[in-house]
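As structure tokens, the structure follows; a few thoughts come after it.
The numbers here are math on the coordinates, done by the rules we state, and not lab data. Source: prediction; values computed, not measured. Note: ideal-geometry Cβ built from the backbone for every residue, glycine included; neighbour counts use all protein chains shown.
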Amino acid sequence: MDRAQLSDFLRTRREALQPEDVGLPRGPRRRTRGLRREEIALLCGISADYYARIEQQRGPMPSEAMLRAIARGLHLSLDERDHLFRMAGHNTPSRGLGTDHVNPGIMRILDRLADTPAQVVNGLGETLIQTRLAVALIGNETEFTGLSRSLGYRWFTDPLARRIYPEADHALNSRVFTSEMRAVYSRNGADSRVGEIVEALLAESEEFAGLWSDHEISVRRPDDRKRISHPDLGILDLQCQVLYDADQAQALLVYTATPGTESHQKLQLLPVVGDREPHL
């Protein structure tokens, strides 16, 4: 661990970020160049004291999970993230399909969507980060571990995962998830992480095995619409807008509703109903 270089790197990256880059108000009395330490800590989801100690060369060696959070909060590129890990004395993470590092450009857009249900997912269907309103709409999808991090895997192995969609849509959703998984599988092969998921599903789910054998490609929902079943608000008829990063390894999903509709009115109530309980 190179404490001096790590400290300098964190400070320079923090000072390079402006409040408007991360969706924060500048305020009339700001004298600090870039962001304050407590603002970066908030973006990283860690305590301000812990972050300050690292930047002041007083902290312990950060864990890999902590470094991933710092890389995300500082909006680092992949090369910058790898440098951060090396300065902190860790091996660099994988850059493969299942990377947890959110593309900085995607992250900047997400920062401006605090009042909108939105989330970032990778090609495995793993949710990397969500806005608070996305958690209120569909629950916290970042809490899962192992194969269950993938929504496609949960869909076919955990009946509770299907509760966010109306039962009438389940058959189509099964086809969509299988088709999306086949597209990723065709690009990455049997020896990849998606290959591991497919192998597990073929052994655990007869429904998936049947759909997999159909070789359906590019199954879509009509007009890219999603119906979400919420325990307090009922069914919401939403459009899911998708923005991919340059490598199409990650996607930003933004849930909206047509103004003036009942579903639009229900979306406005999400801040009131609060976070959705897991699996509800």
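Just a few scattered comments:
- Between 0 and 90°, nearest 10: helix 3-16 axis offset from the chain longest Cα axis: 70
- Put the Cα centre of segment 206-243 next to the Cα centre of segment 132-159 and the gap is 14 Å.
- Helix 170-188 axis versus longest C-alpha principal axis of the chain: approximately 60°, rounded to the nearest ten.
- Entry note, the chain: the mean residue ellipticity at 222 nm calculated from DSSP H runs of n ≥ 4, each adding -39500 (n - 2.57), is -12500 deg cm²/dmol after division by the residues and rounding to the nearest 500.
- Other residues lying with their Cβ under 12 Å from the Cβ of residue 199 contribute a combined charge of -2, Lys and Arg counting +1, Asp and Glu -1.
- Here the Gaussian network model covers the chain, with springs between Cα atoms less than 10 Å apart; of 221, 132, 108, 221 fluctuates the most.
- Among 167, 39, 126, residue whose mean-square fluctuation peaks in a GNM of the chain (springs only between Cα atoms under 10 Å): 167
- In summary, the convex hull built on the alpha carbon positions of segment 3-87 has an orientation-averaged projected area of 5.2 nm².
- Cα gyration tensor shape for the chain, rounded if a/c is under 1.5, else prolate or oblate: oblate
- Of 26, 182, 227, the residue with the greatest mean-square motion in the GNM of the chain, using alpha carbon springs below 10 Å, is 26.
- Bridge type composition, the chain - antiparallel percent by DSSP, nearest 5: 100
- Radius of gyration over Kirkwood radius for segment 37-161, both on Cα atoms: the Rg/Rh ratio is 0.99.
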